[in-house]
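Below: the structure, in structure tokens.
Computed from the coordinates by the stated procedures, all read-outs in this text should not be read as laboratory data. This one's a predicted model, so the numbers in the text were calculated from it and none came from an experiment. Cβ placement follows ideal geometry from the backbone for every residue including glycine, while neighbour counts extend to all protein chains displayed.
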Amino acid sequence: MIDPGQAVLEVRQLSSVYTTPKGDLQAVDGVSFDLRCGETVCLLGESGCGKTATMLSVLRLIGRLQGRIVGGEVLLHGEDILCWPEEQMRRLRGRRIALIFQDPQTALNPVLQVSDQITEPMRLHLGLTRVQAREKAIELMRKIGIPQAEMRIDEYPHQFSGGMKQRVLIASALSCHPEILIADEPTTALDVTTKAQILDIFRNLKQDRDMSIIFITHDLGVVAEIADRIVVMYGGRVVEVAAVLDIFDGPQHPYTQGLLRCLPDISRPRERLESIPGTIPSLVHTPDNCSYSPRCPQVMDVCWSRRPPEFLTAPGRRVACFLYTRYPVYDLGNGVTAGG
Ligand SMILES: Nc1ncnc2c1ncn2[C@@H]1O[C@H](COP(=O)(O)OP(=O)(O)OP(=O)(O)O)[C@@H](O)[C@H]1O
Ligand SMILES: [Mg+2]
């Protein structure tokens, strides 16, 4: 059930670029979405569409990777954290908003014992002593399904399997009871059973802790399992936002429709799998039109020359496509419209 309450996090027209030898690469281009209390929002899209860049921008970490935020707002309970001093951001990261990085193989420091990596946020943010933090870490590891936690806590990351490493990262992210958890493709490198177990952990987190979760993935199967709402991204932009059932029942953007057509159909097992022809656009010097035009089966003249705004096709449902011009343009509430 979607909580109709106030948004915990509001991302408004967020734009970020990476500096590259060929010029600025627009990795995040006017992205807007909300995260409400206790809901799971999935950020979905092909590789390179800007999912990670969006989240690195929300946490203001993109600057560490030769990127910079060039516009927009990130409102945490109505306060724009893009204006906060860095010291205040440091206290926020890991404490109020925790991020599980994309690759568990590299996200853990290979020369530090797991104990140090799980307890550090608790010692830093909650002021716990080493002994107190260790006790809590063992409790967390148990809860998250790491067997023999009291022994394994003294091991190094290379002694853990991929799925167990992912659990360690989740335990570390949860250690300070953040209100928002951002998980960047936490199941991509896992086998199906481990993936199911990790998804269970996320489902339980939502139920037990009422946590608000942003889950980044390119896997529609994962989306179907855990999302309340979906934000579909393409070429650094949001192309569709809708509740999960609406997306699966009737995707509106031609890109989302294409993604769904790529899903295998169990009633037609021997048919060739579909794919979306063409490749994702370069994000350097992009023309200000619809970046999906070259691949879109329903492309119209206007799509080549103008960027579509987001149209509000139903309450809480929006799509950036000129096929929907009969609907009102989505207004961010301050006279600014999304996209366009
Ligand atoms: N450090 C960087 N310097 C320059 N360009 C970058 C950097 N990191 C990412 N990019 C580019 O920014 C764009 C968005 O990348 P991002 O990592 O956000 O994609 P993604 O949607 O997370 O993809 P994936 O599903 O593969 O993780 C891509 O074109 C990518 O090549
Ligand atoms: Mg990524």
Exercise for the section: Taking the options Val31, Val8, name whichever one is β-branched (Val, Ile, Thr) and within 16 Å of ligand 1 (Cβ to nearest atom). Expected result: Val31
Handout entry: Selection count where residues are in contact with a helix residue (DSSP H, G or I) (Cβ under 9 Å, 6 or more places away or on another chain), away from ligand 2 (no atom under 12 Å from the Cβ) and in a strand (DSSP E or B), scope segment 34-70
Key = 5
Handout entry: Filter pass, Asp184 being without any contact (Cβ under 8 Å) to a residue 12 or more places away in the chain and either crowded, with 16+ Cβ neighbours inside 10 Å or not aromatic (Phe, Trp, Tyr) (or both)
Key = no
Exercise for the section: Answer yes if at least one residue in segment 76-96 is free of Cβ contacts under 8 Å to residues at least 24 places away in the same chain, assigned to a helix (DSSP H, G or I) and within 16 Å of ligand 1 (Cβ to nearest atom), and no otherwise. Expected result: no
